[in-house]
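*Asks:* Just passing along the structure, written as structure tokens.
Read-outs throughout are calculated quantities, based only on the coordinates presented, and are distinct from any laboratory measurement. Not measured: the values here are computed from a predicted model. Note that each Cβ is placed from the backbone with ideal geometry, even for glycine, and that neighbours are counted across all protein chains shown.
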Amino acid sequence: MDIALETLLWVGLAGLTAGWVDAVVGGGGLIQLPALLLGLPNATPAQLLATNKFGSIFGTTTSSITYYRRVRPDLRTALPMAAVAFVGSALGALIALHIPKEAFNPIILVLLVAVGAWTLLKPSLGTSTALRFDGRRHTGVAMLTGFSIGVYDGALGPGTGSFLVFALVGLMGYAFLEASAKAKITNVATNLGALAVFAPGGHVVYQVGLVLGAANLVGGYLGARTAVRFGSGFVRGVFVVVVAAFIIRIGGQLLGLWG
């Protein structure tokens with residue numbers, strides 16, 4: 001595929017922005033996928049998804065390492081959650097090869113509206129950690145959450161990080177900052193799971209993916225450091241803004257206001 005320099009610059013800018021947003025609250029794919037769609041109008045859906053995953057894994061890996069060093073999330077929850085998320089994402093990627101992506105937008109919109117409303121109606125949500133489960137039940141809920149969202153990430157992906165953060169905060173009782181740290185570790189696994197299916201099939205456009213990955217790496221590092229510095233209140237604020245922007249964007253697409 002012959003890629004113009006302007007396209008690479010455009011993708012790089014989108015990747016930098018998406019990497020920062022993804023590191024703070026997740027959902028960078030809702031910035032990257034439209035950018036790839038504009039930059040690679042002749043690419044297949046599988047190529048777009050695969051290239052997005054390839055670029056994203058640089059950012060999620062960088063931000064997860066940064067979070068781990070500074071937040072020290074409990075790996076006894078994060079690693080089992082990530083392991084089943086890998087399996088779920090690989091399964092979702094297999095599904096993605098056979099279903100139209102347009103079917104997902106209404107589902108994503110409903111989920112985002114519910115997530116945004118719940119966060120706004122509960123101002124104290126995610127300000128501190130107050131776990132709702134313990135022991136094996138805690139790990140079991142985390143694994144079920146990881147697998148379910150992993151399937152979604154492999155099949156489509158946009159908003160995965162935000163859904164992981166919200167599930168960890170709203171369902172399991174984590175503070176936003178610790179939830180973001182665990183979400184990033186899980187997100188690395190979901191990206192790997194999808195790539196395990198997409199890469200052998202030759203769907204990754206590596207020239208674009210490498211530019212996207214380099215930009216994601218920088219954005220992910222800066223985003224993680226920003227989130228750690230300013231804490232859960234800052235992450236919650238960015239979360240609400242990002243979810244609102246996604247609702248407007250996807251809702252506008254469904255109503256035909258823009259492409």
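*Asks:* Six or more apart or on different chains, Cβ atoms under 9 Å: show the pairs whose first residue is in region 227-254 and without any contact (Cβ under 8 Å) to a residue 12 or more places away in the chain and whose second is surrounded by fewer than 14 Cβ atoms within 10 Å (Cβ to Cβ) and not in a helix (DSSP H, G or I).
*Replies:* Final answer for the pair search is Gly252/Trp258.
*Asks:* Could you list, in sequence order, all residues of region 210-259 that are among the charged types (D, E, K, R) and not in a helix (DSSP H, G or I)?
*Replies:* none
*Asks:* On to the next question. So, in region 152-166, exactly how many residues are over 15 Å from Phe246 (Cβ atoms) and either surrounded by fewer than 24 Cβ atoms within 10 Å (Cβ to Cβ) or hydroxyl-bearing (Ser, Thr, Tyr) (or both)?
*Replies:* 1
*Asks:* Going residue by residue through region 191-204, is there one that turns out to be of a type outside the set (Phe, Trp, Tyr), within 16 Å of Gly159 (Cβ to Cβ) and part of a helix (DSSP H, G or I)?
*Replies:* yes
*Asks:* Right, something else. Restricting the search to region 181-200, which residues are surrounded by fewer than 21 Cβ atoms within 10 Å (Cβ to Cβ) and in contact with a Leu (Cβ under 8 Å, 6 or more places away or on another chain)?
*Replies:* None - no residue of region 181-200 is surrounded by fewer than 21 Cβ atoms within 10 Å (Cβ to Cβ) and in contact with a Leu (Cβ under 8 Å, 6 or more places away or on another chain), so the list stays empty.
*Asks:* Further question: Taking region 168-180, which residues are among the small types (Gly, Ala, Ser) and surrounded by fewer than 23 Cβ atoms within 10 Å (Cβ to Cβ)?
*Replies:* If the condition is that a residue be among the small types (Gly, Ala, Ser) and surrounded by fewer than 23 Cβ atoms within 10 Å (Cβ to Cβ), then Gly170, Gly173, Ala175 are the ones that fit.
Listed here are the residues, each with its yes/no results for (1) of a type outside the set (Val, Ile, Thr); (2) within 22 Å of Lys184 (Cβ to Cβ); (3) out of contact with any strand residue (DSSP E or B) (no Cβ under 9 Å at 6 or more places or on another chain).
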| site | (1), (2), (3) |
| --- | --- |
| Leu9 | yes, no, yes |
| Ile31 | no, yes, yes |
| Ile65 | no, yes, yes |
| Asp74 | yes, yes, yes |
| Thr77 | no, yes, yes |
